[in-house]
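J.: Pasting a structure below so you can have a look.
Read the figures in this text as sums done on the coordinates, not as results from a lab. Given the structure is predicted, the values throughout are model-derived calculations rather than measurements. No Cβ is skipped: glycine too gets one built from the backbone with ideal geometry, and neighbour counts run over all protein chains shown.
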Amino acid sequence: MQLVLEKRAERSNTIALVSPLIAIGLTIVTMTILFAILGKNPLLALHAYFIAPLTDSYSLQEIAVKATPLVMIAIGLSLCYLANAWNIGAEGQFLIGAVAGSWIAVKTQGTDAGAWVLPAMFVLAAAAGALYALIPAICKVKFGASEILTSLMLVYVADLFLDYLVRGPWRDPQGFNFPTTAEFDPVATVPLLIEGGRLHLGSIIALLVVAAAAILLGRTIKGFEIRVVGAAPRAARFGGFNANQLIILTFAVSGALAGLAGIIEVAGPVGHLQPGISPGYGFTAIIVAFLGRLNPLGILIAGLFLALTFIGGEQAQIAMKIPLDVTKVFQGILLFYVLACDSLILYRFKLVFPNRQVASGTH
Amino acid sequence: MRKSVLALAAGLLLAGSVSAASAADKLKVGFIYLGPIGDLGWTYQHDLGRQALVKELGDKIETTYLENVPEGPDAERAIEQLVRAGNKLIFTTSFGYMDPTLKVAKKYPNVHFEHSTGYKRDKNMSTYSAKWYQGRYIQGLIAAKMSKSGVLGYIGSFPIPEVVSGINATILAAQTINPNIKVKIIWANTWFDPGKEADAAKALIDQGADVIMQHTDSPAAMQIASERGKFAFGQDSEMIKFGPKTQLTSILDTWGPYYIERVKAELAGTWKSEDTWGGLDSHMFAMAPYTNMPDDVKKLAEDAQAAITAGKLHPFKCPVIGQDGKEVECKGGANLADGQILGMNFYVKGIDDKLPGK
């Protein structure tokens, strides 16, 4: 007897809806066992992870703050991935956006620059992110270079460029030579939405981006083109859609969004440019994009959910003294189950009896 | 998806009885760690300090830590989480937590903060650090004595003042033994990356260095030096088990006494915002046993340690000559001023290299 995965004739919509529930159920079961082995009360632990962060406005704000860059980047990436363009370098575009926007903040520091500063920073950051993303896109279209490799490698270039700037020309002169710019002026800082909290304008922008992406994909010809080129390249060619043009377009848009997310993070929660402004947002966003099934609303939920596990993980560390590694195991198990269950949408389990008569004869 | 999680978790909760952990009347003390605790290195030493604290005052306090907190936008949240969990004294143990700590400190004036290795303070925010350059000076003496090739290998982390002053102190000491001593410097641009550190050690040895010094955290360089039959110094922690025939000494971070002192002050209600920059005399760090060297070198090291502890020897005694051959302005009387060392961004004469970013 053999258990095999068999491709379904068509995707199962029931499973598509149920699969995340199964995944979460399996995660909870696995984690309950793990917590019990660790000698922690599983109910209290799960409460710390999932419920506690949702019970006060502080944690809710923090979830939104954490999810903002993830969602913005993931939306851009989903456009790329839908069009079969593999932008792995959002991290680099995020950093370049942060650098470009910071340039205005650094140059206007201490001057009486007006309210134009922040919008200008946003525009420049988005433009820089887009241009940076166009490098791998053009290399792909013109020379056939793998965009996966080139976009990934440009991450390190961006990282080192930022490093150079904050250790050299942009270093805070009063900063004892430490690698950071001075704190941005108030006009160069993203406004907060709630007094005393950390929720900022960026979260609103992220919501607008989600809405715009939903409209683009659902209601415009361009969105249709993106999906057709990705799903059926041959059909797209017959339909006269230009796949190369779409690679350029989706890379530019996702670069712009990553760049915008970069400057929002720097001019928002961080407040100055320094190395390590991104704890891997550009890469985590890839997970968010797929967890959200490349669907704008799905990405919003996935981003918030991943943020919840980060915040919950910290609260579990504090309240339950659960080591950080367990949080990482927890996130890993969750992603594993989500992706594993997703394979049931397109595949199903089947028992195969290679030699049924002999097998039944022995029993 | 999130809703379903809530429903499931809520169901589970209803099924069982949840009792909130009883809040004892102990003082809550929080720690933010840069790395995982592991079993050696920067964060490990801070955690040893925390453990010493628990051992000493465990009946009066309760400690909590968050490990592996990145020095970016997440830091402020992590610190605030500790505040919200009721911690009244919070130690943030890496330079990159400076601005986040300051922001949270301004928001919670009744909570006290202690930030390690930074320079921004407030009414409720102290800073603390150690004069590791004193230890580096002793290492420089030993290195110059032990090197046959006259070339030292130095693995730098980042070209910040703490690291640069360490290199300068090393060379100034080595020059008193061998005026022609050479140093090869490789910037690993990381605090902890065993692969990179090992590569750096190999490259330095290939360039003729026979004593390896490091300002990075892992024992990788020690292991490479051990394989190649060279000498090396540990960093932050005791690393002799990685090179029993290799380690000459190691600068050991010993935060325990400081943590105990500050928590006692907090308990007594006498905590004040202060700037502590402790040297060998204040036990902010210690030297590991001097091993694998002849007795005369050991004596030289011990004498230097005693002289520095007693304040008779200052590694940056004027005149200090910069790389450009000009004398560095002497702002501290007989020695460079603390501020000059804390902000050091030049090499001294005799270093045949260019400081990155200069």
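J.: Round to the nearest 0.05 the FRET efficiency obtained for B:Cys330 and B:Arg228 when R0 = 51 Å and r is the Cβ-Cβ distance.
T.: For R0 = 51 Å, the calculated efficiency reads 0.80.
J.: Mind jotting down the distance between the C-alpha centroids of segment A:1-64 and segment A:70-144, whole Å?
T.: 34
J.: Another question, if that's okay. Return, ordered by residue number, the residues of segment A:87-106 whose backbone nitrogen is under 14 Å from a label point located 7 Å along Cα→Cβ of A:Phe143.
T.: Counting backbone N atoms under 14 Å from the label point, the list is empty.
J.: Counting alpha carbon pairs within less than 8 Å and at least 6 residues apart, what relative contact order, in whole percent, applies to segment A:66-292? List each step's numbers first, then the result.
T.: Numbers: 410 pairs, mean separation 97.8, N = 227.
Computed over segment A:66-292, the figure is 43 percent.
J.: For every helix of n ≥ 4 consecutive DSSP H residues, a contribution of -39,500 (n - 2.57) applies; sum these over chain A, divide by its total residues, and give [θ] at 222 nm rounded to the nearest 500 deg cm²/dmol.
T.: Values: 14 runs with 248 residues, N = 363.
Taken over chain A, the calculation gives -23000 deg cm²/dmol.
J.: Taking the Cα centre of the protein assembly as shown as the origin and placing charges on Cβ (Lys, Arg +1; Asp, Glu -1), which of A:Met31, B:Thr246, B:Gly156 is farthest toward the positive end of the dipole?
T.: A:Met31
J.: Can you figure out the FRET efficiency of A:Phe283 with A:Ser57, using R₀ = 35 Å and their beta-carbon distance, to the nearest 0.05? It would help to have the intermediate numbers written out before the result.
T.: Values: r = 30 Å, r/R0 = 0.85.
Computed FRET efficiency for A:Phe283 and A:Ser57: 0.75.
J.: Peptide B:93-106: average number of partner chain Cβ atoms within 10 Å per residue?
T.: The per-residue average across the peptide is 2.
J.: Hey, another quick one. How large is ³J(HN,Hα), in whole Hz, for each residue of segment A:45-57 in order, when computed from phi with the Karplus curve 6.51 cos²θ - 1.76 cosθ + 1.60 and θ = phi - 60°, using x for Gly and Pro?
T.: Karplus values, whole Hz, x for Gly and Pro: 5, 5, 4, 5, 6, 9, 9, 3, x, 9, 9, 9, 5.
J.: Only bridges with both residues in chain B count here: give the DSSP antiparallel percent, nearest 5.
T.: Among the beta bridges of chain B, antiparallel pairing accounts for roughly 15 percent.
J.: Here's a follow-up. Report the extension gain between B:Lys148 and B:Asp295 in nm, rounded to one decimal, defined as 0.36 nm multiplied by the number of residues separating them, less their alpha carbon distance.
T.: Difference between extended and current length: 51.2 nm.
J.: I've got another one for you. Report the Cα centroid-to-centroid distance between segment B:184-225 and segment B:255-321 in angstrom, as an integer.
T.: Rounded to whole Å, the Cα centres lie 25 Å apart.
J.: Between segment A:174-207 and segment B:68-91, how many Å separate their Cα centres?
T.: 18
J.: Using alpha carbons only, how many degrees (0 to 90, rounded to 10) separate the axis of helix A:324-346 from the longest principal axis of chain A?
T.: Orientation of helix A:324-346: about 60 degrees from the principal axis.
J.: Would you mind checking the tilt of helix B:73-84 against the longest principal axis of the Cα atoms of chain B, expressed as 0 to 90 degrees and rounded to 10?
T.: So the helix axis and the longest Cα principal axis differ by about 50 degrees.
J.: Counting only DSSP beta bridges with both residues in segment B:57-198, tell me the antiparallel percent, nearest 5.
T.: In segment B:57-198, approximately 5 percent of DSSP beta bridges are antiparallel ones.
J.: Something else now. Among the lysines, which fall within straight-line cross-link reach of B:Lys103, defined as a Cα-Cα distance under 21 Å, with same-chain neighbours fewer than 8 residues apart omitted?
T.: Straight-line reach from B:Lys103, under 21 Å: A:Lys66, B:Lys28, B:Lys88, B:Lys120, B:Lys123, B:Lys272.
J.: Which parts of segment B:283-316 would a label at B:Lys245 reach, counting a residue when its backbone N lies under 15 Å from a point 7 Å out along Cα-to-Cβ?
T.: Under cut-off, by backbone N: B:292-293.
J.: Still on this structure, I have one more. How much FRET efficiency would the formula 1/(1 + (r/R0)^6) give for A:Asp112 and A:Gln174, where r is the Cβ-Cβ distance and R0 is 30 Å, rounded to 0.05?
T.: 0.90
J.: Taking only Cα atoms, what is the 0 to 90° angle, nearest 10, from helix A:117-143's long axis to the longest principal axis of chain A?
T.: 50
J.: I'd like the mean, over residues of A:306-318, of how many other protein chain beta carbons sit within 10 Å of each residue's own Cβ.
T.: On the way: counts 0, 0, 3, 1, 2, 3, 0, 1, 8, 3, 0, 10, 12.
What the average comes to for A:306-318 is 3.
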